[in-house]
Amino acid sequence: MRRRYKSIIKTMTCLLGSMILAFGLYHIHNTAHITEGGILGMTLLLQHWFHISPAVSGLILNALCYGFAFYCLGKGFLWYSFVSSAGFSLFYAIFESFDPLWPQIGLHPLFAAVVGAFFVGIGAGLSVRVGAASGGDDAFALAVSKKTSIEIQWIYLMTDLIVLLLSLTYIPWQKILYSVFTVFLSGQIIGWIAKTPSPFHFNE
């Protein structure tokens, strides 16, 4: 009974995190045109320079990251990651069926970077907290952190910075600067949430 209760709590946490993440990406990042690091940023880079559709590159890169994470973390990771990923897609589809709440937020890029980082950090952090990943970035970071004992926020920062630096080949540095700030802040929030003790003992 206790195990079933814990499973329900973890599933609900994944869904809550997915909803927060989808809200932030649609209403903040997408509206303010803040670019991303990680896999999303890499798909945009490959599309620009090699004309590879993000639908193809995203599928391959995410599959590689999930495969690596499955090898490191086991089958329990896959179920909760499926819940998290499916939840994100569902909530994003719901949000994008409405107009953005703050269509002028792009006029205040620093504010958008800070607010967006909190939504992404909290949303992704909740999923990571229960050992799930809503995307390949999270799966890769979880697996590397498990294998190396490097804190997860620094893995996020390292991979995001690599992609954002490569993105300077086609995106003005002024826009990249806000992205660097938001990925640093969101990564720190994810790391803080991942380390926070839980009364449900998710890591047992």
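The values are calculated or read from the model by the stated rules, or taken from the named source; none is laboratory data. Keep in mind the model is a prediction, meaning the values are calculated, not measured. As a convention, Cβ positions derive from the backbone with ideal geometry for all residues, glycine included, and neighbour counts pool all protein chains shown. All accessible areas refer to the heavy atoms of the entire protein, side chains included, with ligands and DNA or RNA removed. Shrake-Rupley method; radii C 1.70, N 1.55, O 1.52, S 1.80 Å.
Which of the helices in the chain, when you take each full DSSP H run, stretch at least 20 Å along the axis at their Cα atoms and have an average Kyte-Doolittle score of 0.0 or higher?
Working: long enough: 2-24 (33 Å, 0.41); 54-73 (27 Å, 1.53); 75-95 (30 Å, 1.07); 109-129 (28 Å, 1.71); 152-167 (23 Å, 1.74); 173-195 (33 Å, 0.89).
Answer set is 2-24, 54-73, 75-95, 109-129, 152-167, 173-195.
Summed over the residues of the chain and divided among them, the accessible surface reaches 55 Å² per residue at a probe radius of 1.4 Å. For the stretch 127-156, the set of chymotrypsin sites (Phe, Trp or Tyr not before Pro) satisfying both a DSSP loop assignment and a count of at most 15 other C-beta atoms within 10 Å is empty.
Centroid-to-centroid, using Cα positions, the stretch 3-62 and the stretch 102-148 are 9 Å apart.
Using Cα pairs closer than 8 Å and at least 6 residues apart in sequence, work out the relative contact order for the chain, in percent.
Once divided by the residue count of the chain, the mean separation gives 33 percent.
Distance distribution P(r), the stretch 1-46, all Cα-Cα pairs, bin width 10 angstrom from 0: 23, 32, 24, 15, 5 percent.
Roughly speaking, to the nearest percent, how much of the stretch 95-184's 1.4 Å accessible area is carbon and sulfur? It would help to have the intermediate numbers written out before the result.
On the way: 3330 of 4590 Å².
Reported share for carbon and sulfur atoms: 73 percent.
Summary value for the stretch 22-105: 51 percent relative contact order, contacts being C-alpha pairs under 8 angstrom separated by 6+ residues. Size of the stretch 1-98: Rg and Dmax of its alpha carbons, in Å, are 15.7, 53.
Along its principal axes, the chain has C-alpha extents of 53, 33, 28 angstrom, given from the largest down.
Please report the carbon-and-sulfur percent of the accessible area for the stretch 21-82; probe 1.4 Å, protein heavy atoms only, DNA, RNA and ligands left out. Write down the numbers at each step before the final one.
Details: 2510 of 3320 Å².
Here it works out to 75 percent.
Cross-link partners for Lys146 among the aspartates and glutamates, with Cα-Cα distance under 16 Å and sequence neighbours closer than 8 places in the same chain left out: Asp137, Asp138, Glu204.
How much of the pair distance distribution for the stretch 84-204 lies past 23 Å, counting alpha-carbon pairs only, in percent?
Details: 2752 of 7260 pairs.
For the stretch 84-204, the fraction of Cα-Cα distances above 23 Å is 38 percent.
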